[in-house]
Amino acid sequence: MREQFSKIGFILAMAGSAVGLGNAWKFPTMVGTNGGSVFILLYLILTFLIAFMVFLGELSIGKITRKDAVGAFSELANKGKNIWGLAGFFMIGAILIICFYSVVIGWILKYIYSSFFTLPNTTDAAGAMFNKLISDDLSSQFTCFTIVFIMIFWVVSKGIKSGIERMNVWMMPALFILLILMLLYSFSFNGFAGAFNFLFKPDFSVLVNDGSLNTELILNALGLSFFSLSMGVCVVLTYAASLPENTNVIKSTLSIIFINILVGIMMGLIVFTFVFEYGASPNQQGPGLIFVSLMSLFSNLGIIGNILAVAFFIALLFAGLTSAVSMVEPFAFYLINKFGISRKLALTYIAIFVYIFGSFCILGFHKDYSIYFTFFGKSIFDCLDYLTSNILMPVSAIVTCIFVGFVVEKCKLEELFIPYMKETGFKIWLFFIRFICPIVILVIMLKNI
Ligand code: PHE
């Protein structure tokens, strides 16, 4: 019998998976580069109209069968069980994500450590510090990556309840407390008003680009919404297989989405308060905003800046770790079920893969080795990010929609959902999952490639 979460444990663990570097890093960066409030508005609309619906679809596959991803797809298919079972292998996407994701958590660990002592006082110095770390400092990177790697696999090795649930039960509230304290502190700055306007006062002019609708903005918002809800790589499905009976799946999903949005907005307010306070540019790509600008901005505050930087990176560490742990579970669960091996052995195979590919990601930034890890002009880190977010996740979401909408017996879905969303709610959801969601996602995907 599969171990089960407690009800609150499920919400915290799923929210822990959802709330991660996606909210802490991608969200503020994308809001900054995509013109602020209108992007948030689009993100909210798409989260509720598309991501919420597909999330429920993925959840239903896990909850109804209580099996690993491959087993779940094949059990629910009446015909072509083996072929549908292959859809479960989208979980490999989660393993690919963790390879580069844990490298970033390693950087965060390094920044917690160095923020105790010094903060670079100009943007140039902060940029140089970050470049030195990724292109020249293999020993720091490997040390931090290895520590992060050990933490992740140690927690997953403890299982659903005493590993994953327990970690989330204390890290998620701790993350919240840190964010609230930092947010309260941000209130005292003039930059807070600028941040607030930037995030909440819509400037619809960004929706139009050269006289036509800026579709890229819409696509980016949808992509972020998927990534930040951990969808399309069987994480939702696998966690749902451990859902306690009689859980109100709608309420739980809405709570998870609400927490996810809230954390993104809190992060955005904190980051942009300092950006506006010190007149930096909100429009920055990649690691610029968090690892470069914010560091030099914090240095304006003296010792308080050090405390704030440490608190900020600890919050990021918690957010990242709870997400990383969720990426390992789908494949581990599959290996254990399929081959009857122990949890430890399954994790050992996964760990070897993650360590090797994680190391490649680190070497891919190094000045001497990057040429060996560059493909199609992109570093292996960027390739993995691109492959998972822009290809695997959307394709998997479309497959999930088709599977849930047309293959899974309707009565099973009705039994799961109707107690919580009534007959009309169910009909609307089914219409979305059958037609609206796959079509919209297809458009996004084709535009992104
Ligand atoms: N949702 C996580 C974040 O926002 C990333 C993630 C993607 C986690 C896929 C699990 C699976 O950072």
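Here are the numbers:
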quantity	calculated
Output for region 311-351, where each listed residue is at pLDDT 95 or above, β-branched (Val, Ile, Thr) and more than 13 Å from the ligand (Cβ to nearest atom)	ILE336, ILE341, THR348, ILE350
Condition check for THR143: closer than 30 Å to PHE39 by Cβ and open to solvent by 40 Å² or more (accessible area, probe 1.4 Å)	no
Region 19-33 - residue that is of a type outside the set (A, V, I, L, M) and more than 10 Å from the ligand (Cβ to nearest atom) and, of those, most open to solvent (accessible area, probe 1.4 Å)	THR33
Scan of region 214-271 for residues that are within 13 Å of the ligand (Cβ to nearest atom) and hydroxyl-bearing (Ser, Thr, Tyr), ordered by number	SER225, SER228, SER230, THR238, TYR239
Candidates LEU44, LEU109, filtered to the one that is open to solvent by 10 Å² or more (accessible area, probe 1.4 Å), of a type in the set (A, V, I, L, M, F, W, C), away from the ligand (no atom under 15 Å from the Cβ) and within 17 Å of the chain's Cα centre (by Cα)	LEU44
Considering residues of region 177-203 that are of a type in the set (Phe, Trp, Tyr) and part of a helix (DSSP H, G or I) only, the residue most open to solvent (accessible area, probe 1.4 Å)	PHE187
Test: residue in region 358-375 that is under 19 Å from the mean Cα position of the chain (by Cα), small (Gly, Ala, Ser) and modelled with pLDDT of 95 or more	yes
Only listed residue being over 19 Å from LEU184 (Cα atoms), buried (at least 20 other Cβ atoms within 10 Å of the Cβ) and either of a type in the set (Asp, Glu) or within 20 Å of the chain's Cα centre (by Cα) (or both), chosen from ILE261, ILE256	ILE256
Residue within region 20-38 that is at pLDDT 95 or above and in a helix (DSSP H, G or I) present	no
Region 385-408, subset open to solvent by 20 Å² or more (accessible area, probe 1.4 Å) and in contact with a Leu (Cβ under 8 Å, 6 or more places away or on another chain), residue farthest from the ligand (Cβ to nearest atom)	VAL407
Residue that is more than 16 Å from the ligand (Cβ to nearest atom), open to solvent by less than 10 Å² (accessible area, probe 1.4 Å) and within 22 Å of LYS26 (Cβ to Cβ), where the choices are ILE290, ILE362	ILE362
Positions within region 297-341 being over 26 Å from the mean Cα position of the chain (by Cα) and of a type in the set (Gly, Ala, Ser), in sequence order	SER299, GLY302, GLY305, GLY340
Residues located in region 1-18, provided they are under 10 Å from LEU229 (Cβ atoms) and either near the ligand (Cβ under 9 Å from one of its atoms) or surrounded by fewer than 21 Cβ atoms within 10 Å (Cβ to Cβ) (or both)	SER17, ALA18
Single condition ASN337 does not satisfy, out of (1) in contact with a strand residue (DSSP E or B) (Cβ under 9 Å, 6 or more places away or on another chain); (2) open to solvent by 50 Å² or more (accessible area, probe 1.4 Å)	(1)
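Let's see how each residue does on (1) free of Cβ contacts under 8 Å to residues at least 12 places away in the same chain; (2) outside any helix (DSSP H, G or I); (3) in contact with an Asp or Glu (Cβ under 8 Å, 6 or more places away or on another chain):
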| site | (1), (2), (3) |
| --- | --- |
| VAL275 | no, no, no |
| ALA280 | no, yes, no |
| ILE290 | no, no, no |
| LEU297 | no, no, yes |
| ALA309 | no, no, no |
| ILE314 | no, no, no |
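The values are calculated or read from the model by the stated rules, or taken from the named source; none is laboratory data. Everything numeric here is computed off the predicted structure, so don't read it as measured data. Note: ideal-geometry Cβ built from the backbone for every residue, glycine included; neighbour counts use all protein chains shown. Note: areas computed on protein heavy atoms with side chains; ligands, DNA, RNA excluded. Shrake-Rupley method; radii C 1.70, N 1.55, O 1.52, S 1.80 Å.
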